[in-house]
Amino acid sequence: MNLGIENAFTREGKLVNILIDYGVIREITETKLNAADQVIDAKGSLVTESFISPHNHLDKAFIGDIIEPNVSGTLWEAIQKTWEVKRNYTAKDIQKRASQVIDQQIKYGVTHIRTHVDIDSIGKFIPLKALLAVKAAYKDIIDLQIVAFPQEGILKDEGTESLLYTAMETGADLIGGMPHNEHTPQDSQHHINILFDIAKQFNVDIDSHTDETDDPNSRTLQYLASSTIKRNYNDRVAVDHICSLAAQNDYYAARIIDLVKTANINVVSNPGTNMVLQGRLDSYPKRVGITRVKELLNAGVNVTCGQDCINDPYYPFGKGDMLEVALLLGHAAKMTTQSEIETLYDMITYNAATTIGISDHKLDVDTPANLVILHGVKTVNEAIRKAPPARTTIRKGKIISKTSITEDHFYEPKQDRTSD
Ligand SMILES: [Zn+2]
């Protein structure tokens, strides 16, 4: 069955018709389409590649409703507060909360999610097995990648190294890390060595939380980037947060950014969570908390942004809408010119796709038809500013979600009220 999208606005401002067949974009034309089995009239709305959510924690989403509040607001208190919940995890509970996030994200135009899942001596494999079941249940609806994430440290939390090997055998897609959560810099390096050993053994990519702190002495990114080059893992590593890069001096930061570029490491900034968690020990001025996004982009590093948390001890807000994430990053990184706003949109589409290993995520002929129609807006600026609720999500050429809104006005909305 083929699908036609008529009267769609592209990011370049062209009004086009799009023909999709067998899940692939066959034609993008300004002339009328031949008859399709199913036709959507976009009515002049923006259509682009779908959104990619490159950094989630589906196992911990919504635990904010059942947990003691994070009073200091720091990452370290959030981690400790989560222990009690993890001790009482059930697969059913995790599946329910994870499904709730996925359903929300699909509605917002997301077709691919990468989630981290805690692997530690507290929850053991309950979260991983729950998310593997979710992945199987959603296999025809969303692409889900699962990263085995040693949040409690590998050396600090005894037995975690062996748990990580088992997690990879059980079906995790990538190995994750948290090297800054070890007792000493030597242990952090050992932690990174273990990540590469596992990655090599299972031939998987690495996606590691890295230097998520304002402490300029947290320098695990340097060792991670140099190990990436030494161990021939260029293009296969993503790092998340890297907040301490913003706290380090400009000369050191420039060297590290150069190293990150040489290693072709992808960077995921999580603006919402980091604006909330970081800067908590500062008096004034208080730091924003995110990494050096513009400097990384200017150096040619692939940078994306993620939702990270939704209603948990780390971040009480969030709803999985990548347009909201882009809006937050626009504020935090001060990206406000026309070209910077276009870059924000790239970050939640192409750049995010590159980060999770997809190279053909583009509205173009002969690419997979993973698209979003943002009803009622025509440009990227309008999309980020308004985050329109009415969206159609298309995955592999099939409509998987369509949200409409109805408006009732009990006044005359177009009346000019300024004239006497
Ligand atoms: Zn995270």
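The values are calculated or read from the model by the stated rules, or taken from the named source; none is laboratory data. Model, not experiment: these values are computed from the prediction. Every residue, glycine as well, gets a Cβ built from its backbone with ideal geometry; the counts of neighbours run over all protein chains shown.
Descriptive notes on the structure:
- So residue 390, is it out of contact with any Lys or Arg (no Cβ under 8 Å at 6 or more places or on another chain), crowded, with 19+ Cβ neighbours inside 10 Å and closer than 15 Å to residue 48 by Cα: no
- First in the range 354-374 and of a type in the set (D, E, K, R), second anywhere and outside any loop (DSSP other than H, G, I, E, B) and surrounded by fewer than 24 Cβ atoms within 10 Å (Cβ to Cβ), Cβ under 7 Å, 6 or more apart: 360/368; 362/350; 364/25; 366/24; 366/25
- Residues in the range 214-243 that are among the hydroxyl-bearing types (Ser, Thr, Tyr), within 16 Å of the ligand (Cβ to nearest atom) and surrounded by 24 or more Cβ atoms within 10 Å (Cβ to Cβ): 220 only.
- Breaking point among (1) touching a residue at least 60 places away in the same chain (Cβ under 8 Å); (2) more than 16 Å from the ligand (Cβ to nearest atom); (3) charged (D, E, K, R), for residue 207: (2)
- Members of the range 60-76 that are outside any loop (DSSP other than H, G, I, E, B) and within 16 Å of the ligand (Cβ to nearest atom): 63, 64, 75, 76
- Residue match in the range 400-408 (condition: within 20 Å of residue 11 (Cα to Cα) and at pLDDT below 95): no
- Residues that are among the polar types (S, T, N, Q) and farther than 25 Å from residue 388 by Cβ within the range 104-135 comprise 115, 121, listed in sequence order.
- Looking across 289, 357, one residue alone is part of a loop (DSSP other than H, G, I, E, B) and within 16 Å of the ligand (Cβ to nearest atom). It is 289.
- Matching entry among 36, 42 (being closer than 28 Å to residue 404 by Cα, away from the ligand (no atom under 16 Å from the Cβ) and in a loop (DSSP other than H, G, I, E, B)): 36
- Among the residues making up the range 252-286, those that are of a type outside the set (D, E, K, R) and in a loop (DSSP other than H, G, I, E, B) are 263, 264, 265, 270, 278, 279, 281, 283, 284, 285.
- Selection status of residue 14, touching an Asp or Glu at 6+ places or on another chain (Cβ under 8 Å) and either among the basic types (Lys, Arg) or within 16 Å of the ligand (Cβ to nearest atom) (or both): yes
- Qualifying residues in the range 149-172 (those that are within 16 Å of the ligand (Cβ to nearest atom) and on the phi < 0 side of the Ramachandran plot) - the one farthest from the chain's Cα centre (by Cα): 152
- Residues that are closer than 10 Å to residue 373 by Cα and not hydrophobic (A, V, I, L, M, F, W, C) were ranked within the range 45-59; the one that is nearest to the ligand (Cβ to nearest atom) is 50.
- Within the range 310-324, residues that are in contact (Cβ under 8 Å) with a residue 60 or more places away in the chain and more than 25 Å from residue 380 (Cβ to Cβ) sit with their Cβ atoms under 9 Å from residues that are more than 13 Å from the ligand (Cβ to nearest atom) and basic (Lys, Arg), at 6+ positions apart or across chains, in these pairs: 311/319; 313/81.
- Some residue of the range 364-373 being among the polar types (S, T, N, Q), at pLDDT 95 or above, within 17 Å of the chain's Cα centre (by Cα) and not in a helix (DSSP H, G or I): yes
- Among residues of the range 302-332 being closer than 19 Å to residue 212 by Cα and assigned to a helix (DSSP H, G or I), the one that is nearest to the ligand (Cβ to nearest atom) is 325.
- Residue match in the range 244-265 (condition: within 19 Å of residue 334 (Cβ to Cβ), assigned by TED's automatic domain parsing to the domain that holds residue 318, crowded, with 21+ Cβ neighbours inside 10 Å and within 16 Å of the ligand (Cβ to nearest atom)): no
Condition check ((1) over 30 Å from residue 4 (Cβ atoms); (2) within 16 Å of the ligand (Cβ to nearest atom); (3) assigned by TED's automatic domain parsing to the domain that holds residue 221; (4) not in a loop (DSSP other than H, G, I, E, B)) across all residues:
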site: 296; (1), (2), (3), (4): yes, no, yes, yes
site: 300; (1), (2), (3), (4): yes, no, yes, no
site: 334; (1), (2), (3), (4): yes, no, yes, no
site: 339; (1), (2), (3), (4): yes, no, yes, yes
site: 351; (1), (2), (3), (4): no, no, yes, yes
site: 378; (1), (2), (3), (4): no, no, no, no
site: 381; (1), (2), (3), (4): no, no, no, yes
site: 388; (1), (2), (3), (4): no, no, no, no
site: 393; (1), (2), (3), (4): no, no, no, yes
